[in-house]
Each structure stands twice: as C-alpha cells, then as structure tokens.
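The block underneath contains the structure these notes are about, expressed in structure tokens.
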Amino acid sequence: MDIIYTIWLRNIKRYLRSKSRIVGSLGMPLFFMLVLGFGLNSVVQIPDTGQGYFEFIIPGIVAMSVLFTSVFSGIQIIWDKQFGFLKETLVAPVSRLEIMLGQTFGGASTAFIQGLIILVLSLFIGLSLSSAAGFVIAFLFMVLIGIAFTAFGIAIASRMEDMHGFQLIMNFVIFPIFGLSGALFPISSLPAWVQPLTLLDPLTYGVEGIRYGLTGASQINPVVSFIVLTAFSGLMTVAGAWLFRKMSI
Amino acid sequence: MGAYRCALPARNATADSSPHSTIHSPHNTQGILPMPAISAENLTKNFDDFVAVDSISFAIDEGEIFGLLGPNGAGKTTTISMLSTMLKPTAGKATVNGCDILDQEDGVRKSIGIVFQDQSLDEELTAYENMDFHGRLYRIPGEQRKEKIGELLALVGLEDRRHDLVKTYSGGMRRRLEIARGLLHEPKVLFLDEPTLGLDPQTRNHLWEYIERLNREKGITIILTTHYMDEADRLCDRVAIIDHGTIIAMDTSQALKNQIGGDVVIVESPDPDAAADVLNAPWVANIERRDGSVVLSMQDAEHHIPEIVTDLHRHDIAITSLSVHNPTLEDVFLHFTGRSIREETASGMETMRMFHQRMRR
C-alpha cells in the first residue's frame with residue numbers, strides 16, 4: 001500500500017507543479033462548453049427531458065476533461081521510460097503491479113481534479129446545483145472514468161517505444177471514444193445503426209452516470225452505467241497491469 | 001537494513017532478513033569460505049541472433065572494486081542489467097550477495113544500489129524528493145529515511161541545493177545525486193554503469209574520490225563499467241577486459257600490464273616490416289606490427305633506445321618517430337584484441353544502433 005501511495009504522491013506532486021499543463025488542458029473543454037453550450041443553447045432543446053443544451057453537455061464536457069487527462073497521464077510513463085526514471089522504479093524491490101496501480105490512481109486523481117475544475121467553473125457559468133448526493137454520484141463516475149482510461153493509457157504506453165504514436169492514439173481511439181459517447185448529443189436522437197456503437201463505447205456509461213448525478217435525468221439506468229463502467233475499469237486495470245508487467249525496458 | 005543477505009538453501013533466504021543477520025553472522029564464519037559478493041557462471045544473453053554477452057564467468061569478492069572495461073557495445077551494460085535483474089539471461093546463472101538473480105529477484109534488488117548509464121532522476125522533483133521517493137520504494141521508515149537523506153546529501157555536497165528542482169542541476173551534480181540515491185538503502189553491492197561518462201575532468205576526479213571513499217569507509221563492493229582506461233586503472237582492484245561479449249583478460253591492472261612484458265616502445269617507419277625483422281632481438285619481450293608502426297615491449301626501454309636507433313640506422317631503415325611509455329590498460333587491450341579501444345568506439349555504437357533498429361521491427 002505504501003508503495004502505491006509513493007507512486008501516487010509523485011504523480012500528484014508533478015501535476016500540482018505543472019501549472020501550465022493544468023491551465024492548458026482546461027482550454028479545450030472550456031472552449032467546447034462555451035462555444036457549443038452557449039452557441040447552441042437557444043437553438044437546441046433536448047427531447048424527453050426538455051433540458052437546455054448547455055445543461056445537457058456539461059456532464060459530457062466534464063467526462064471529456066477526465067478522459068483526456070487520464071489517457072495522457074497513463075501514456076506519460078513513456079516519458080519516464082525515455083528519461084530513464086522508470087528504470088529507477090522498476091529495479092526497486094517492489095512488484096510491477098504496485099507500480100502500475102500507483103500510476104493508475106495517480107493519473108485517475110489528477111484526471112478527477114481536472115474534471116472537478118470544469119465542474120466548478122460550470123457552476124459559475126450556469127449549471128444549477130441539484131443535490132449533494134447527485135454530486136457524489138457524479139464524482140464516483142468521474143473517478144471510474146479516470147481509473148479506466150489511465151489504465152488504458154498505461155496499457156498503450158507499455159506497447160509503445162516513444163511518443164510518436166501518441167497522435168495516432170488521440171485521433172483514432174480517444175476522439176472516437178469521445179465522439180460516440182453521447183457527450184454532445186442524446187443517444188436516442190441518433191440513427192438506429194449508430195446506436196449500438198454508442199452502447200459499445202464505455203465512455204457512454206460514464207457520461208450518462210455523471211449526467212444522472214448532475215441533472216437527475218439519464219437515458220441509461222445509472223445502476224447499469226455503474227456496473228458496466230466498473231467492469232470496464234476492472235478489465236482495463238487487469239489489461240494494463242498485464243502489459244506493464246510484460247514491458248521490457 | 002543494509003545487512004540483508006541471501007543464504008543457502010535458497011528457499012529460506014527471505015526469512016533471513018532480520019536486522020541482526022549481518023555477513024558476520026554465525027552461519028558464515030570459520031570453515032565456510034565467505035560467499036563472493038557477485039559470482040557469475042557462463043552468463044549469456046542473446047538478442048535474436050546477436051550474442052551480446054557470451055558465457056562470461058567471474059567472481060567478485062566483498063569490498064572489492066571491480067571494473068568491466070571495454071568499448072561501447074562490448075556487453076558491459078547488458079551484464080549489469082542481468083546482474084541487477086533488469087534482464088533475464090538466456091543461459092547461465094549468477095548470484096549477487098548470495099541471492100540468485102533468477103529465483104531471488106527481490107533479494108538481489110534489496111542488496112544492490114545502481115547508477116544507470118543514462119540519467120534516471122525525476123527532473124520535476126527536488127533532490128530531496130527524488131531521495132525520498134527512493135527511500136519509500138525501499139521501505140525505509142520515516143525518521144531513518146529523513147536522517148539518511150540528510151547525511152548522504154551532505155556526503156555528495158548537495159545539502160544546500162536539496163530543495164531545488166533537479167532540472168536546475170548540472171551534469172556532475174546529477175551524477176552525485178544519483179550515487180547518493182543508490183546508497184540510501186545501504187546496499188551491499190553498488191553498480192556504477194559508466195559513472196563519469198560525459199563529465200569534465202574535475203568532476204570526474206571528485207567522483208573517483210567519492211567512490212574510493214565509499215569503498216574504504218563503508219566496505220561496499222563496487223562493480224563499475226567504463227571505457228576509460230585511466231578510470232579503471234585508478235579505481236579498480238581488479239579489471240575484466242570485455243570485448244564482443246567475452247572476457248578476454250581479468251586481473252589487477254598491474255598484473256595485466258605486466259603481461260605486456262615491460263615498457264612499450266613504438267617505432268614508426270616507412271618500412272615497418274623490415275624494421276620488425278631487425279628489431280627481433282632477445283631483449284624484446286614482445287613484438288607486434290600495428291598499422292605503419294612496430295610496437296615492442298621490453299624491460300628498461302630507456303637503455304635500449306640507442307641500440308634500437310643504431311641497429312635500424314645500420315640497416316638503412318628510416319625512423320619517422322620513436323616513443324617510449326609505461327604500459328597502460330590501453331596497451332593491454334591492444335595486445336589482446338589487436339585493436340585500440342578508441343577506434344572501436346564508433347563501430348561499437350554502430351552495432352548497438354543497428355541492433356536497436358532490428359529490435360524495433
């Protein structure tokens with residue numbers, strides 16, 4: 001446990017120290033929130049719930065922010081590999097599982113903080129606080145997304161030599177995961193043949209879970225969302241741990 | 001702490017990690033020979049069809065400074081990687097501090113400190129935080145950790161910079177910090193992979209002094225790799241010269257130099273073959289042709305110089321230059337391989353590069 005804490009602590013320290021990274025990765029979510037949220041708010045009304053668009057996409061933007069930060073945190077171990085720091089960790093008498101879990105929780109924590117910042121900012125912009133319990137539910141889903149996708153990032157990083165493949169992963173894996181997740185539009189309004197794709201996307205359940213917590217309405221039962229996302233986080237952690245263990249440096 | 005030692009039989013080894021089990025523990029005194037700090041038997045590593053380390057064997061005594069000397073790509077780092085459990089050997093076995101590198105990985109890891117060839121610090125953390133991270137990884141209790149970090153940072157002269165980020169450090173400071181970090185958990189054996197690579201002469205001298213002091217005062221066994229002859233000569237009790245994955249000579253550096261057979265005289269001549277024939281005298285211990293010159297080794301070279309000059313002159317063989325020096329490890333390397341370690345450096349790097357590309361495919 002203390003080893004996991006040690007690795008977690010390093011991640012948090014590095015995160016809090018890189019102010020430019022914190023501010024920088026707020027840019028895109030804020031841009032989405034302001035441009036889409038305000039731009040389309042008067043044009044779009046969500047069927048069924050009658051929500052305004054701004055309210056609708058806040059959970060999606062929060063999920064996006066957590067998604068991007070966590071994948072990036074996971075992939076960051078490539079830097080550690082290139083700058084040699086990973087060797088120092090791997091040659092210590094600790095198991096790779098502990099290292100991987102520490103890295104996962106560290107990445108998930110920073111991703112959670114990043115999502116929280118967006119959430120707090122959106123409170124100032126216009127999100128109305130529904131209930132404290134709702135917030136706790138939203139937090140839970142944010143943490144799950146964080147764990148799942150940090151582990152995913154570590155799994156990918158374990159197979160990558162350097163950062164060259166990063167763009168590829170972003171464009172062909174992360175953006176589709178975000179785009180298909182129902183973060184920006186209701187699932188029910190999609191054509192019938194796209195809907196299964198949406199339901200295959202693990203982030204959908206994260207977005208829906210956060211949406212349920214923040215607005216009290218969701219298209220997927222939050223219990224189902226919770227089960228699916230927890231299972232996916234578990235699966236990703238196992239896959240990440242396995243690939244990380246096999247990684248050679 | 002620090003007194004960790006694997007004992008035989010292998011299975012009981014981890015139970016033997018109590019704070020009182022030092023090397024001088026009762027199991028280990030009279031009658032039984034002391035275990036070597038490191039022993040390797042036919043250690044081999046292949047990468048596909050490339051043999052990086054080819055069945056090397058050696059034993060290093062406790063408290064010894066042992067040098068692996070060879071050109072880049074000779075297999076030094078691969079050897080270190082296997083001994084430190086970072087790479088699995090293809091064949092052969094080895095123990096470090098009594099722990100088997102295959103069966104007792106954790107025992108090995110607890111026994112060793114390592115300074116890698118490439119930097120392995122977190123630049124975004126301070127020196128203190130890097131040390132603290134290491135101490136926590138090795139499960140050193142809080143108070144003790146704090147005390148030890150202060151002590152070691154003082155030892156390497158970084159006390160007043162302890163709270164500065166490592167990215168503001170110079171190369172020499174980073175190296176010193178890495179050595180301090182490698183000592184934090186009081187290892188029995190310290191691996192130094194090219195410890196002074198890329199450092200200026202003054203810093204190198206400083207580091208050498210640290211290394212000698214550590215060995216003397218704390219009795220730490222040190223195994224270091226280097227391709228600097230002077231470094232091996234100055235620091236190491238014994239040197240193993242390694243080339244193309246095999247150990248070609250191993251002894252104290254004095255004994256290695258004695259094998260040359262005295263001082264080295266290099267005669268450069270437009271007609272080296274003829275010169276070699278003429279100089280084949282009984283007082284010449286060894287004679288070699290090397291490019292455009294003849295390399296002779298002999299005792300008391302100074303007294304034979306006039307003879308060399310007159311002999312060549314009598315046979316009308318011109319002398320372009322003539323030099324005399326005491327034998328160095330460079331000469332030893334040349335003697336055994338027929339190549340200079342320096343000219344080998346580039347091609348060694350080349351092999352490594354090609355090898356890396358092959359690995360990537």
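Return a yes/no flag: does segment A:55-76 have any residue that is free of Cβ contacts under 8 Å to residues at least 60 places away in the same chain, open to solvent by less than 40 Å² (accessible area, probe 1.4 Å) and more than 16 Å from the chain's Cα centre (by Cα). No, there is no match, as no residue in segment A:55-76 is free of Cβ contacts under 8 Å to residues at least 60 places away in the same chain, open to solvent by less than 40 Å² (accessible area, probe 1.4 Å) and more than 16 Å from the chain's Cα centre (by Cα). For segment A:77-114, residues that are within 12 Å of another protein chain (Cβ to nearest Cβ), small (Gly, Ala, Ser) and in a helix (DSSP H, G or I) total 1. Within segment B:55-86, if we keep just the residues that are within 14 Å of A:Ala92 (Cα to Cα) and of a type in the set (A, V, I, L, M), the residue that is least open to solvent (accessible area, probe 1.4 Å) turns out to be B:Leu83.
This table checks each residue for (1) surrounded by fewer than 21 Cβ atoms within 10 Å (Cβ to Cβ); (2) touching a helix residue (DSSP H, G or I) at 6+ places or on another chain (Cβ under 8 Å).
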position	(1), (2)
B:Val267	no, yes
B:Asp271	yes, no
B:Leu279	no, yes
B:Asn286	yes, yes
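Scanning segment B:227-264 for residues that are open to solvent by less than 50 Å² (accessible area, probe 1.4 Å) and assigned to a helix (DSSP H, G or I) yields B:Met229, B:Glu231, B:Ala232, B:Leu235, B:Ser253, B:Ala255, B:Leu256, B:Lys257.
In segment A:1-46, the qualifying residues are those that are free of Cβ contacts under 8 Å to residues at least 60 places away in the same chain and of a type in the set (S, T, N, Q), and the one that is nearest to the other protein chains (Cβ to nearest Cβ) is A:Ser18. There is at least one residue in segment B:138-148 that is at the interface with chain A (Cβ under 9 Å from one of its Cβ atoms) and either not hydroxyl-bearing (Ser, Thr, Tyr) or not in a helix (DSSP H, G or I) (or both).
Tell me the residue from A:Leu235, A:Leu168 that is open to solvent by 60 Å² or more (accessible area, probe 1.4 Å), part of a helix (DSSP H, G or I) and at pLDDT below 95, please. Exactly one residue qualifies, and that residue is A:Leu168. Taken together, the residues in segment B:107-128 that are part of a helix (DSSP H, G or I), more than 7 Å from chain A (Cβ to nearest Cβ) and open to solvent by 10 Å² or more (accessible area, probe 1.4 Å) amount to 1. Among the residues of segment A:135-149, the ones that are over 10 Å from the mean Cα position of the chain (by Cα) and either surrounded by 17 or more Cβ atoms within 10 Å (Cβ to Cβ) or at pLDDT 95 or above (or both) come to 4 in all.
The values are calculated or read from the model by the stated rules, or taken from the named source; none is laboratory data. A quick note: this is a predicted structure, and the numbers were derived from the prediction, not measured. Cβ: placed from backbone, ideal geometry, glycine included. Neighbour counts: every protein chain shown. Quick note on the areas: whole protein, heavy atoms, side chains included, nothing else; ligands and nucleic acids left out. Shrake-Rupley method; radii C 1.70, N 1.55, O 1.52, S 1.80 Å.
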